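Worksheet for the structure shown next.
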Amino acid sequence: MNNNTAGTVAYPNPPREKMSPVHMFFVILGDLLAAGSAGVFVNSRSLPAGLAMLAVGAALIILGAAGLGRRMFPSLPGGSGEAGGAYPSRLEGHLDPNLSRWKWLVKWFLAIPHYIVLAFLGFASVVVTIAAGFVILFTGRYPASLFHFTVGVMRWNWRVAFYATGVLGTDHYPPFTLAHTDYPATFEVDYPEKLSHWQVLVKSWLLALPHVIIVGLLTGSIWRSSTEGGTNGISLLGFLVFIAAVILLFTGVYRWGLFTLIMGINRWVYRTITYVALMSDTYPPFRLDQGPLEPPRAPEIPDSD
């Protein structure tokens, strides 16, 4: 392993991490079948046909996700810092010093192909999380191949967010891959050797509730329409990104203070998703860790005799 000049992690033999088109096809076909089963349930009285479509779709998704995950390297503990991160998930991003003044106006449009692919992968990751939950309940382990797939989906999503809407921190177009690359935005999660059997029953909907509320306040709409009852407005995160973009448009500079704050909000969001997705038993800290890199892990103090 080598470190590149951008501060991201360079992995050996990157061709081994190329995504299998066959397994990606399985994931997409499984998504379509699983989603189509809802139409069968609604428009047809044939319950067995709908259940069969759902079962086949879920099986294809898991088969495809496992195949994609097996081709990926596990996350390296500690990220790019020698001291490691303060939480098992590590979100990092390096601000491009030569950002275009105007390109942010069209990045959302340029990223549409990514949004389409991520819609399929996001649906698949939900199915994978549910399946992994049953495995964790009985074995206390998250299947490694499915874990690496889910991390890959989150990594892909973070690259697109860093490029297009969530940060606007780089003009480099994100790669179409789940795998590790030398892109200026990275996301990793340490693989847990053992997970609690019982926490899987309450983590996502009960234990994570305080963080879900905070994330909702940070990323949800600021105001609600009183006339039509719909949500109109912009999230706090979106507002900060917009302010940074307007300043960039007129000055050519992305304000460092805004960048570190935006990174901190995104880091909180992804830590919460990691916990809700059953990928860690470590409870996320109620802390806004700002900056491009994860804070170092606090040193362990030995017990005094």
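Computed from the coordinates by the stated procedures, all read-outs in this text should not be read as laboratory data. Every value quoted in this text rests on a predicted model; they were computed, and no experiment measured them. Cβ placement follows ideal geometry from the backbone for every residue including glycine, while neighbour counts extend to all protein chains displayed.
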Legend entry - Two-site label geometry, Leu29 and Tyr283: point separation in nm, points 7 Å out along Cα→Cβ: 4.5 nm
Inset, instruction - Estimate the FRET efficiency between Asn43 and Asn98 by the formula 1/(1 + (r/R0)^6), using the beta-carbon distance for r and 51 Å for R0, to the nearest 0.05. - result: 0.45
Legend entry - Dipole in debye (nearest 20) - the stretch 124-259, about Cα centre, beta carbon charges: Lys, Arg +1; Asp, Glu -1: 220 debye
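Rounded, prolate or oblate for the stretch 159-280? Axes are the square roots of the Cα gyration tensor eigenvalues, ordered a ≥ b ≥ c, and the cut-off for rounded is a/c under 1.5.
Numbers: a/c = 2.47, a/b = 1.24, b/c = 1.98.
Oblate is the answer for the stretch 159-280, as a/c is 1.5 or above yet b/c matches or exceeds a/b.
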Legend entry - Total charge dipole magnitude, the stretch 51-169, about the Cα centre, Cβ charges on Lys, Arg, Asp, Glu only, Debye to nearest 20: 180 debye
Legend entry - Residue-wise HN-Hα coupling along the stretch 158-164, computed from phi with Karplus coefficients 6.51, -1.76, 1.60 (Hz; x: Gly, Pro): 5, 4, 5, 5, 5, 7, 9
Legend entry - Simple spin-label estimate for Leu236 and Ala52 in nanometres, 7 Å along Cα-Cβ: 5.1 nm
Legend entry - Cα centroid of the stretch 123-179 to Cα centroid of the stretch 27-43, whole Å: 22 Å
Legend entry - Virtual spin-label span in nm between Leu105 and Arg297, 7 Å along Cα→Cβ: 4.7 nm
